[in-house]
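Everything below concerns the one structure shown next.
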Amino acid sequence: MPIKNILVVDDSPTDRKYLSDLLTKSGYKVATADSAEQALTMVKQQRPDLVLMDVVMPGQNGYQATRTLSKDGSTKDIPVIICTTKGQETDRVWGMRQGARDYIVKPVSQADLLAKISALG
């Protein structure tokens, strides 16, 4: 299924805007959430084709939200790409174990992000 609708989850307004602008200019329809809790609600309501999930956020973190989405029968087929400053190999492995389909480290390169999205579609 081609990816058209993407939910960007990040507590940083700067990162949300950067990712939203990059994706919109590339032809995607983008919605944003500023917390994991808001994202979980929006995923159930809007059924995006992909979730870009930050890790370090107040309240529930991105690993926890990714695990919740990947274990829920109604959302487990929605791919999650973790998009974070946490660049250690152990962070990447942990993110993938939570159910993420891919992992990208900030600052995000447009070419890398679009290649990862394309590979999922």
- Task: Per residue, how big is the convex hull around the C-alpha atoms of the chain? Give it to me in cubic angstrom, could you?
- Result: 89 Å³
- Could you give the dipole magnitude of the chain about its Cα centre, charging the beta-carbon of Lys and Arg +1 and that of Asp and Glu -1, in debye to the nearest 20? 280 debye
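Rounded to the nearest 20 Debye, what is the dipole magnitude of the range 13-61 about its Cα centre when Lys and Arg each give +1 and Asp and Glu each give -1 at the C-beta?
Its charge dipole is roughly 200 debye.
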- Query: Counting pairs on different chains as well as pairs 8 or more places apart, how many Lys pairs in the range 5-108 have Cα atoms under 24 Å apart?
  - Reply: 14
- Starting from the amide H of Gln60, placed 1.01 Å from N in the peptide plane, find each other amide H under 5 Å away whose residue is 5 or more places distant or on another chain. Ala36, Glu37
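By the scheme Lys and Arg +1, Asp and Glu -1, what is the net charge of all other residues having a beta-carbon under 13 Å from that of Lys71?
After counting each charged neighbour, the total is +1.
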- Item | Check: the range 67-121 dipole with +1 on Lys, Arg Cβ and -1 on Asp, Glu Cβ, in debye | 140 debye
- Task: Within 10 Å, count the other beta carbons around each residue, average over each peptide in 69-75, 5-11, and list them highest first.
- Result: 5-11, 69-75
- Restricting to Cα pairs under 8 Å and 6 or more apart, the percent relative contact order of the chain works out to 23 percent
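Laboratory data are not the source of any read-out in this text; all were calculated from the coordinates shown. Every value quoted in this text rests on a predicted model; they were computed, and no experiment measured them. Cβ sites come from the backbone with ideal geometry, for glycine too, and all protein chains shown count toward neighbours.
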